[in-house]
1. Would you say Asp216 is within 18 Å of the chain's Cα centre (by Cα), closer than 22 Å to Lys339 by Cα and either assigned to a helix (DSSP H, G or I) or among the charged types (D, E, K, R) (or both)?
2. Within region 329-340, can one find any residue that is part of a helix (DSSP H, G or I) and within 28 Å of the chain's Cα centre (by Cα)?
3. Assuming Asn122 fulfils every condition listed in (1) modelled with pLDDT under 90; (2) farther than 28 Å from Ala294 by Cβ; (3) surrounded by fewer than 19 Cβ atoms within 10 Å (Cβ to Cβ) apart from one, which condition is it?
4. Quickly run through region 128-182 and pick out the residues that are free of Cβ contacts under 8 Å to residues at least 24 places away in the same chain and among the aromatic types (Phe, Trp, Tyr).
5. Testing Gly222 on (1) surrounded by fewer than 15 Cβ atoms within 10 Å (Cβ to Cβ); (2) over 25 Å from Leu372 (Cβ atoms); (3) touching a helix residue (DSSP H, G or I) at 6+ places or on another chain (Cβ under 9 Å); (4) in contact (Cβ under 8 Å) with a residue 24 or more places away in the chain, one condition comes back false. Which one is that?
6. Please state which of the following conditions His217 fails to meet, knowing it meets all the rest: (1) closer than 21 Å to Pro258 by Cβ; (2) open to solvent by 10 Å² or more (accessible area, probe 1.4 Å); (3) in contact (Cβ under 8 Å) with a residue 40 or more places away in the chain.
7. If Gly227 satisfies every condition in (1) open to solvent by 10 Å² or more (accessible area, probe 1.4 Å); (2) at pLDDT 95 or above; (3) outside any loop (DSSP other than H, G, I, E, B) but one, which is the exception?
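The values are calculated or read from the model by the stated rules, or taken from the named source; none is laboratory data. Because the structure is a prediction, the values reported are computed rather than measured. A quick note on method: Cβ atoms are made from the backbone with ideal geometry, for glycine too, and the neighbour counts reach across all protein chains shown. All accessible areas refer to the heavy atoms of the entire protein, side chains included, with ligands and DNA or RNA removed. Shrake-Rupley method; radii C 1.70, N 1.55, O 1.52, S 1.80 Å.
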Amino acid sequence: MMVGLKAVRVVRDGPLPRHLQVKQILRDLVQRGVWKAGDRIPAETEIASSLGVSKMTVNKAILALVEEGLFVREVGRGTFVKDFTAGGGRTRRERTLEWPRRRTPLVYHVITVGPTEMVADNEYLCALLLAMRCQVSPLEVTLTLQHVRGGDYVRFWRSDHSAGWILVAPRQEDVEGLHALAAEGARAVVVGASWQGVPLPCVDSNNREGAEMAVDHLFRLGHRKIGLIYAEPNAINTQDRILGFQAALQAKVLPFRPDWMLDAGTAEGIAEPTYTRLRELLKGSTRPTAFLAAGPFLARTLLELAQEEGIKVPEQLSIVGFDDPTAVAHAVPKLTTVKQPLEVMGREAIKKLQEMHERGVMKLSDPDRIFLPCTLIARESTAPPPQ
């Protein structure tokens, strides 16, 4: 009966109290069928020794599970997994009252690539988290933030006893860790990124289609000279936006100018070398009449640079951004942008994780890759090109 206990340990400095971690571990052993109806569970001292906690901690967890009806204690014999098939003539009401008496919330960890204390300043993450919170009842699921990178995924998962993970916008350097996490049979869903061949469910916006949408909007206004500024070229979402931009130019037989495609060097703005190149480009006699800025802060910085150079937006230069934080919506003029469906992405990620948990799915042979459509929000920063 010690089967299943040897591979897990309680996290001493984890976000959950130790008795709740033990409670989750024991319940999970029953739900996964490791401990079956009618089995006598190990003695409290054995469980305590295996999990590295005190006997009092184990006793507290077991008593809670007895109260909920998962375990039954028999004087002189021990504690057993409740056999619900042995109830014979119990009424439906009796069975309903017996199981469960009180439901302890599941815990889902939301894994971020940056420090969790920075989340409050990140509108992208806040929108996702709010949608996730709205999708689950506070009585059923608790969401907790954890900062973990790819190289530590497996180590953290092995010591973790949450019901599952939602990994928010992992980066290219985390992909190897995603493969390792899937090989561990982790219940995990990626949101805000997607790679072909990663054996975990992914929920993302259609970044390529979003870039095509932006070019189409500018084309319909009459623009034929369109540039692109982007950041983090190793990020899968950036790569998709670049591919979408190039595909749209090709489909509309528009000129492709590599010198009109600029790597900003940073996602939070524009690095000095690129800033200088962009200023020279805007001053040149042959320049784009419109830009797609593949990030919200890139769009805002490009707008400020154009204004510094005396270039009127949108009369002389149109700008389309990507994403829609407050800094974009409140710019002067207000920026046209491609908005990702963050609320839907957050809800779908929770739905997918709940589905994995309810079905007991630990590993998928053909995991889902959900791509949700973006929306173009036309505001004041785009207009027909100058004649």
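1. When the stated conditions are applied, Asp216 does not pass them.
2. Checking region 329-340: at least one residue is part of a helix (DSSP H, G or I) and within 28 Å of the chain's Cα centre (by Cα).
3. (2)
4. Selection gives Phe156 alone.
5. Only one criterion in (1) surrounded by fewer than 15 Cβ atoms within 10 Å (Cβ to Cβ); (2) over 25 Å from Leu372 (Cβ atoms); (3) touching a helix residue (DSSP H, G or I) at 6+ places or on another chain (Cβ under 9 Å); (4) in contact (Cβ under 8 Å) with a residue 24 or more places away in the chain is unmet by Gly222, namely (3).
6. (1)
7. Gly227 satisfies all of (1) open to solvent by 10 Å² or more (accessible area, probe 1.4 Å); (2) at pLDDT 95 or above; (3) outside any loop (DSSP other than H, G, I, E, B) except (1).
Matching residues to (1) surrounded by 14 or more Cβ atoms within 10 Å (Cβ to Cβ); (2) in a helix (DSSP H, G or I); (3) under 16 Å from the mean Cα position of the chain (by Cα); (4) modelled with pLDDT of 85 or more:
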| position | (1), (2), (3), (4) |
| --- | --- |
| Thr85 | no, yes, no, no |
| Thr104 | yes, no, no, no |
| Tyr108 | yes, no, yes, yes |
| Leu128 | yes, yes, yes, yes |
| Met132 | yes, yes, yes, yes |
| Ser137 | no, no, no, no |
| Leu145 | yes, no, yes, yes |
| Arg155 | no, yes, no, yes |
